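Contents: one structure, followed by commentary.
Since every read-out is calculated from the coordinates, none of them should be taken as a lab result. The model shown is predicted, which means the values in this text are computed figures rather than measured ones. Ideal geometry is used to build each Cβ from the backbone, glycine not excepted, and the neighbour counts take in all protein chains shown.
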Amino acid sequence: MKNYPDLIREVLVAIGEDPDREGLKDTPKRVVKSWSELYAGYMQKPADILSTVFEDGACDEVVILKNIAFSSMCEHHMIPFIGVAHIAYLPAGKVVGLSKLARLTECFARRLQIQEKMTAQIANAIEEHLKPKGIAVVVEAHHQCMSARGIKKQATTMVTSAMRGVFREDQAARSEVLALLKA
Ligand code: ZN
């Protein structure tokens, strides 16, 4: 078993720091401790999160949860990207509690990620476990690896989407759900 705080100590030396100065004394331990939160998604299973479904009262109208705040880590730089996810689905007899959609987002955000993949993973998990008639997932995020380094564009927002079922196949249904998600 590696001594992870020692690895972080080496990183501090590599960037030109003095790991023994007062302010950095406990930093290696704190960094390693933060991993259990930042990367908690690896221990969470979409199947567990979406296991409780309700068939009673499941309507045939679109269910939407907007502005699910998340914080993830870009897998290319291990620098945060932060934003919101909007999820809509058209049930086919099964619905889940809205908090479950937030937890599902969290499960995929708390890993090393790329935004496109995270967006697709959310849609795929809902497709697999709820089998709705349609799914639309839109994710908007600000990538600090763009604003803090590289081309240093401060205010850019990246938008990705994943459409499944009726929202993929039917142009009118897609326009309608996208309008609802943007409203
Ligand atoms: Zn990046």
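Note on the chain: Kirkwood radius taken over Cα pairs, Stokes-Einstein applied at 25 °C and 0.890 mPa s, translational D equal to 135 µm² s⁻¹. Pairs of lysine residues in region 52-182 that meet both criteria, 8 or more places apart or on different chains and Cα atoms under 20 Å apart, total 11. Each peptide among 42-53, 61-72, 122-133 gets the average number of other Cβ atoms lying within 10 Å of its residues, and from highest to lowest they stand as 122-133, 61-72, 42-53. Remark on region 95-183: ratio of C-alpha radius of gyration to 2.2 N^0.38 Å is 1.21.
The orientation-averaged projected area of the convex hull spanned by the Cα atoms of region 1-58 comes to 6.7 nm².
Net charge in the neighbourhood of Glu17 (other residues with Cβ under 13 Å of its Cβ; Lys, Arg +1, Asp, Glu -1) is -1.
The charge dipole of the chain, taken about its Cα centre with unit charges on the Cβ atoms of Lys, Arg (+1), Asp and Glu (-1) only, comes to about 260 debye. Based on the Kirkwood approach, the hydrodynamic radius assigned to region 106-152 is 12.3 Å, with every pair of different Cα atoms included.
Annotation for region 120-183 versus region 32-77: alpha-carbon center distance of 14 Å. Within the same chain, aspartates and glutamates fewer than 8 places from Lys45 are excluded, and of the rest, those with a Cα less than 18 Å from its Cα are Glu37, Glu106, Glu127, Glu128.
For the chain, averaging the sequence separation of C-alpha pairs within contact (under 8 Å, six or more residues apart) and dividing by the residue count gives a relative contact order of 20 percent.
If the chain linking Ser147 and Asp26 were pulled fully straight, counting 0.36 nm for each residue of separation and taking away their Cα-Cα distance, it would gain 40.8 nm.
In the chain, taking the dipole from charged Cβ atoms about the Cα centre, the farthest positive-side position among Tyr4, Leu181, Phe70 is held by Tyr4.
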